[in-house]
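Chemist: One structure coming up, written as structure tokens, with questions to follow.
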Amino acid sequence: MLVVHVHVHVHPEAVQAFAEASAENARCSIREPGIARFDVVQQLDDPTRFVLVEAYRTAEAPAQHKSTAHYAKWRDVVEPMMAEPRKAVKFESVLLPDETR
């Protein structure tokens, strides 16, 4: 399983709008067959910083996700909210999918 942490730093005035847009994207994303998990978390000591935690079932799933209408909408809406470009860090799960239940 591929796990991606997308680190996002937003402008202070955009925190609420970013959280709302990202929550909507997450709700749509988790319905995709290739996505096992999609969380949006906000840093406690700096609310302008978020991490999107995305867990993909297949190597093809990230590209499929990026081809969806809800991803394109999210990308276009939140881009001007970002204080700096977002950064993705990729991980491989050390647990087998059956062990995560």
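Chemist: What is the residue count in segment 1-33 for residues that are in contact with a helix residue (DSSP H, G or I) (Cβ under 9 Å, 6 or more places away or on another chain) and among the β-branched types (Val, Ile, Thr)?
Modeler: So the count comes out to 4.
Chemist: Quick check: is even one residue across segment 53-76 within 11 Å of the chain's Cα centre (by Cα) and among the aliphatic types (A, V, I, L, M)?
Modeler: Yes, segment 53-76 contains at least one residue that is within 11 Å of the chain's Cα centre (by Cα) and among the aliphatic types (A, V, I, L, M).
Chemist: Of all residues in segment 83-101 being loosely packed, with under 10 Cβ neighbours inside 10 Å and hydrophobic (A, V, I, L, M, F, W, C), which is modelled with the highest pLDDT?
Modeler: This residue is Val94.
Chemist: Would you please list the contacts, defined by Cβ atoms under 6 Å and residues six or more apart or on different chains, that run from a residue in segment 21-48 that is under 14 Å from His5 (Cβ atoms) to a residue that is crowded, with 18+ Cβ neighbours inside 10 Å and polar (S, T, N, Q)?
Modeler: These pairs meet every condition: Phe38/Ser29; Val40/Ser22.
Chemist: Can I ask one more? Counting just the residues of segment 10-51 that are in contact with a strand residue (DSSP E or B) (Cβ under 7 Å, 6 or more places away or on another chain) and in a helix (DSSP H, G or I), which one comes out surrounded by the fewest Cβ atoms within 10 Å (Cβ to Cβ)?
Modeler: Ala23
Chemist: Continuing with the same structure: Among the residues of segment 55-79, write down those that are assigned to a loop (DSSP other than H, G, I, E, B) and among the charged types (D, E, K, R).
Modeler: Looking only at segment 55-79, we keep the residues that are assigned to a loop (DSSP other than H, G, I, E, B), and these are 57-60, 67-68.
Answer for segment 55-79, where residues must be assigned to a loop (DSSP other than H, G, I, E, B) and among the charged types (D, E, K, R): Arg57, Glu60.
Chemist: Quick one: is Ala55 of a type in the set (A, V, I, L, M, F, W, C), crowded, with 17+ Cβ neighbours inside 10 Å and at pLDDT 95 or above?
Modeler: Numbers: of a type in the set (A, V, I, L, M, F, W, C): yes; crowded, with 17+ Cβ neighbours inside 10 Å: yes; at pLDDT 95 or above: yes.
Spelling it out, Ala55 is indeed of a type in the set (A, V, I, L, M, F, W, C), crowded, with 17+ Cβ neighbours inside 10 Å and at pLDDT 95 or above.
The values are calculated or read from the model by the stated rules, or taken from the named source; none is laboratory data. As the structure is a computational prediction, the values presented were derived from the model and not from experiment. Methodologically, a virtual Cβ is constructed for each residue, glycine included, from the backbone with ideal geometry; neighbour enumeration extends over all protein chains shown.
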